[in-house]
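Q: Would you mind keeping the following structure in view while I ask a few things?
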Amino acid sequence: MRVLFIGGTGVISSACSQLAVERGLELYLLNRGQTARPIPESVRILRGDIRDRESVKHVLGKINFDVVVDWICFTPEHMETDIDLFRDRTGQFIFISSASVYQTPPLILPVTESTPLDNPYWDYSRAKIACEERLAQAYRDEKFPMTIVRPSHTYDKTKLPVYGGYTVIDRMRKGKKVIVHGDGTSLWTLTHHQDFAKAFAGLLGNYQTIGQAFHITSDEVLTWNQIFAALARAAGVEVRMAHLPSEYIAAFDPDWGANLLGDKAHSMIFDNTKIKRVVPDFAAAIPFSWGAEEILDWFDADPARRVVDEKLDGLMDTMLAAHESAWPSRSSQ
């Protein structure tokens, strides 16, 4: 099976590239060649920028594919390019959307693929919804062979799943408080990229999935307090949490606030029945307690990876000081 990944070297897609090769697929990657992650030796690299439609047409030449996957399509304009490029060139086109497109906050849990798509808080999610709507139209109007995949919060060893990245671990190790949104008890789902890849590989070339959407997540459900505690244990320290309202955080840092109000501030539990029905051998096997240790081992292996955002660190101090001054009795110890 001949498969093209547009991108293919990111947090999620790198594990999918590795597994695709291990399963004997003829894998092509279309990208600009700007990655620090290793690429499997048998992968065929097509140098090109998907944002330059004509140059990509030249790079692709007359090659056709059984499956095309776009990992880096974020806007309806990007989707128009994909439909134009691959209309008569592939048997299946897989769009990587996002589980943040689901109704936010959700009225019913767990979330299923039939949960309404409605996120009024986050531009990123609304753009993904618009991409899905355009793709659905192409399927209805011209039978464009699309499948939609919605990852939730997926990580690898290089990706700390908290806003601020290693800056948060540095604060923990210095005995400083770390900011946890709300009261830390909202429920969240973290998925290791190798677990995601096992389910995703089962969709490649599975033409029964055309016209359908699937999310792929772990079945492990954690509170944010548990997530921060797991990271602290892996870092070898006790955690001091300060619980701040998401709206308060947004007033200081709009980007952080959009990430919370449009996604992480709300409990999200997923029903994975649909993907398991199509890929019966899929089971997420890596708990976040293991993932947290893998992450900290990776950061601790090289001092160059332990980058602290001094500006964000200072902003966190400012936020905490202002909050403790206004509501001293509500401040976490």
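The values are calculated or read from the model by the stated rules, or taken from the named source; none is laboratory data. In this text the structure is predicted, and so the values were computed from the model without any measurement. Reconstructed Cβ throughout: ideal geometry from the backbone, glycine too, with neighbour counts over all protein chains shown.
Q: What number of residues within region 20-53 satisfy the criterion of being part of a helix (DSSP H, G or I) and buried (at least 18 other Cβ atoms within 10 Å of the Cβ)?
A: 1
Q: Taking into account only those residues within region 268-279 that are buried (at least 19 other Cβ atoms within 10 Å of the Cβ) and in a loop (DSSP other than H, G, I, E, B), which is farthest from the chain's Cα centre (by Cα)?
A: In this case the residue turns out to be V279.
Q: Pick from K57, K62: which is assigned to a loop (DSSP other than H, G, I, E, B), at pLDDT below 95 and in the same structural domain as Y139 (by TED's automatic domain parsing)?
A: Going through K57, K62 in turn, just one is assigned to a loop (DSSP other than H, G, I, E, B), at pLDDT below 95 and in the same structural domain as Y139 (by TED's automatic domain parsing): K62.
To keep it simple, each residue is scored yes or no on (1) β-branched (V, I, T); (2) without any contact (Cβ under 8 Å) to a residue 40 or more places away in the chain; (3) surrounded by fewer than 18 Cβ atoms within 10 Å (Cβ to Cβ).
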site	(1), (2), (3)
H215	no, no, no
T223	yes, yes, yes
D255	no, yes, yes
A258	no, no, yes
D281	no, no, yes
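Q: Can you tell me which residue is surrounded by the most Cβ atoms within 10 Å (Cβ to Cβ) among those in region 54-74 that are aliphatic (A, V, I, L, M) and closer than 18 Å to A20 by Cβ?
A: Applying the filter and picking the extreme gives V69.
Q: Give region 10-19 a look and list any residue that's within 14 Å of W71 (Cα to Cα) and surrounded by fewer than 21 Cβ atoms within 10 Å (Cβ to Cβ), or say none.
A: The answer is V11, and nothing else.
For (1) within 15 Å of the chain's Cα centre (by Cα); (2) touching a residue at least 40 places away in the same chain (Cβ under 8 Å); (3) assigned to a helix (DSSP H, G or I); (4) not assigned by TED's automatic domain parsing to the domain that holds A292, each residue gets a yes or a no:
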site	(1), (2), (3), (4)
L85	no, no, yes, yes
D88	no, no, no, yes
T104	no, yes, no, yes
S114	no, no, no, yes
Y121	no, yes, no, yes
A136	no, no, yes, yes
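Q: Oh, and also: From the set of residues in region 281-333 that are within 20 Å of the chain's Cα centre (by Cα) and assigned to a loop (DSSP other than H, G, I, E, B), which is nearest to R233 (Cα to Cα)?
A: My answer is P287.
Q: For region 138-176, give me each residue that is assigned to a helix (DSSP H, G or I) and touching a residue at least 60 places away in the same chain (Cβ under 8 Å).
A: Answer for region 138-176, where residues must be assigned to a helix (DSSP H, G or I) and touching a residue at least 60 places away in the same chain (Cβ under 8 Å): Y139, Y166, T167, V168, I169, D170, R171, M172, R173.
Q: Is it true that E77 is under 30 Å from F270 (Cβ atoms), surrounded by fewer than 15 Cβ atoms within 10 Å (Cβ to Cβ), modelled with pLDDT of 95 or more and not hydrophobic (A, V, I, L, M, F, W, C)?
A: yes
Q: Consider region 44-65. How many of its residues are within 23 Å of the chain's Cα centre (by Cα) and aliphatic (A, V, I, L, M)?
A: Counting residues in region 44-65 that are within 23 Å of the chain's Cα centre (by Cα) and aliphatic (A, V, I, L, M) gives 1.
Q: Could I ask something else about it? Kindly evaluate F196 against the criterion of being touching a helix residue (DSSP H, G or I) at 6+ places or on another chain (Cβ under 8 Å), hydrophobic (A, V, I, L, M, F, W, C), in a loop (DSSP other than H, G, I, E, B) and crowded, with 19+ Cβ neighbours inside 10 Å.
A: no
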